[in-house]
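Q: Sending over a structure as structure tokens; questions will come in a sec.
The values are calculated or read from the model by the stated rules, or taken from the named source; none is laboratory data. Not measured: the values here are computed from a predicted model. Cβ atoms come from the backbone with ideal geometry, glycine included; neighbour counts cover every protein chain shown.
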Amino acid sequence: MKLSTIVTTALLLTAGAAFAQTATVVTVPGEVRTYVTEQEVPSVVYDGDVVVGSELPASVEVHTIPSSKSYSYTVVNKQRVIVDPQTRRVIEVIK
């Protein structure tokens, strides 16, 4: 009994570590962050959670960043958000 518990625990810990390693961290360039903070766009009200990794619905307008095709932005619930323009996933919430 003890051996099966140890083996099960080891497998769960290994699977958890493997899952954690698949997370991708995106470092947004400083000039993109600066551009986003300087823009004056109206805030959109959204009922969902605006957290890194969440996908914004098509009803939320995202704006392009002229110097970068890799990032878009919007302001949701008075929070500036950097978004992947292809997937509409939140990359960073600027505090």
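Q: Would you check if Gly48 is modelled with pLDDT of 75 or more and on the phi > 0 side of the Ramachandran plot? If you could, list the steps in order and put the result at the bottom.
A: Working: modelled with pLDDT of 75 or more: yes; on the phi > 0 side of the Ramachandran plot: no.
In short, no.
Q: Among the residues of region 61-95, what is the count of those that are touching a Ser or Thr at 6+ places or on another chain (Cβ under 7 Å), polar (S, T, N, Q) and part of a loop (DSSP other than H, G, I, E, B)?
A: Selection size over region 61-95: 1.
Q: Pairs, please: C-beta under 8 Å, at least 6 apart or cross-chain, first residue farther than 15 Å from Thr87 by Cβ and in contact (Cβ under 8 Å) with a residue 24 or more places away in the chain and in region 43-61, second among the basic types (Lys, Arg) and assigned to a loop (DSSP other than H, G, I, E, B)?
A: From region 43-61, the pairs are Ser43/Lys78.
Q: When you scan region 22-45, do you find a residue that is of a type in the set (Phe, Trp, Tyr), at pLDDT below 95 and in a helix (DSSP H, G or I), even just one?
A: We begin by selecting, within region 22-45, every residue of a type in the set (Phe, Trp, Tyr); these are 35.
So of that shortlist, the ones also at pLDDT below 95 come out as none.
Taking every residue of region 22-45 in turn, none turns out to be of a type in the set (Phe, Trp, Tyr), at pLDDT below 95 and in a helix (DSSP H, G or I).
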